[in-house]
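Handing you this structure, nothing more for now.
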Amino acid sequence: MTEKKRQSGYIIRKKYEGQPVCLDPTVQAKENETGIHFTGGDRSAWISSYEPVVVEGLLQHKYFKIEQLVTLKIGREECVVGVVGKLPIGALQIGRRRPSDRHDLIVNLR
């Protein structure tokens, strides 16, 4: 198991092993952000997220490749509080406005 521990208590892993996804209690809610980045010619987009509903969706997505799984011990459990990884550009789509702005609807598992 590859891991790297930071002074802040975060542990960086390379593999998801079923840990629960939790809200990071050490940061304010507005700091739980999601970012998508790619440039012309890229075949994959880099996605980082610290929003639990988006993290859960990415971890379940068939084509999402984890580069860093950010975990933190909360109580007695080690919880996933963030993820950084790649998703093929072909899995992304910007379409019509949805009837809801809920963030959990961003990741489509189809």
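Counting only other residues whose beta carbon sits under 15 Å from that of Asn32, what net charge do I get with K and R as +1, D and E as -1?
-4
If you don't mind, there's one more thing I want to ask. I'd like the antiparallel share, as a percent to the nearest 5, of DSSP beta bridges with both residues in the chain.
Details: 26 of 27 bridges.
Restricted to the chain, the bridges split so that about 95 percent are antiparallel.
In debye, nearest 20: dipole of the stretch 3-91 around its Cα centre with unit charges on the Cβ of K, R (+) and D, E (-)? Write down the numbers at each step before the final one.
Details: 13 positive and 11 negative charges, 71 e Å.
Here the size comes out at about 340 debye.
Another question about this same structure. Mean-square fluctuation check for the chain, GNM, Cα pairs under 10 Å: which of Gly57, Gly85, Gly75 is largest?
Checking each option, the largest mean-square fluctuation is seen for Gly75.
Can you run phi through the Karplus equation (6.51, -1.76, 1.60; θ = phi - 60°) for the stretch 51-64 and list ³J(HN,Hα) in whole Hz, with x for Gly and Pro?
Per-residue couplings from phi come out as 9, x, 5, 6, 4, 4, x, 5, 5, 8, 6, 4, 9, 7 Hz.
Something else: For Asp101, Asp42, which order do you get if you count the other beta carbons within 10 Å of each Cβ and list the fewest first?
Listed from fewest to most nearby Cβ atoms, that is Asp101, Asp42.
Can you sort Ser49, Ser8 so the residue with the fewest Cβ neighbours within 10 Å comes first?
Ser8, Ser49
List, in order, the whole-Hz ³J(HN,Hα) value for each residue of the stretch 82-98 obtained from phi through the Karplus relation with A = 6.51, B = -1.76, C = 1.60 and θ = phi - 60°; use x for Gly and Pro.
For the stretch 82-98, the Karplus curve yields x, 8, 10, x, 10, 9, x, 3, x, 8, 9, 8, 9, x, 5, 4, 7 Hz.
Most exposed first by the Cβ proxy, i.e. fewest other Cβ within 10 Å, how do Lys86, Lys73, Lys30 rank?
In increasing order of surrounding Cβ atoms, one gets Lys30, Lys73, Lys86.
I've got another one for you. Of the residues Pro99, Pro88, Pro20, which exhibits the maximal mean-square fluctuation in a Gaussian network model of the chain defined by a 10 Å Cα contact cut-off?
Pro99
Please compute the volume of the convex hull spanned by the alpha-carbon atoms of the chain and report it per residue in Å³.
Residue-normalised Cα hull volume stands at 127 Å³.
Using a Cα-Cα cut-off of under 14 Å, which aspartates and glutamates could be cross-linked to Lys30, ignoring same-chain neighbours fewer than 8 residues away?
Glu51
In addition: Springs between alpha-carbon atoms under 10 Å, Gaussian network over the chain: tell me which of Glu78, Glu17, Glu67 tops the mean-square fluctuations.
With Cα springs under 10 Å in the chain, the top fluctuation among Glu78, Glu17, Glu67 is at Glu17.
Here, each number is a calculation from the coordinates, and none is a lab measurement. Just so it is clear, the model here is predicted, and its values are computed rather than measured. Every residue, glycine among them, receives a Cβ derived from its backbone with ideal geometry; neighbour counts consider all protein chains shown.
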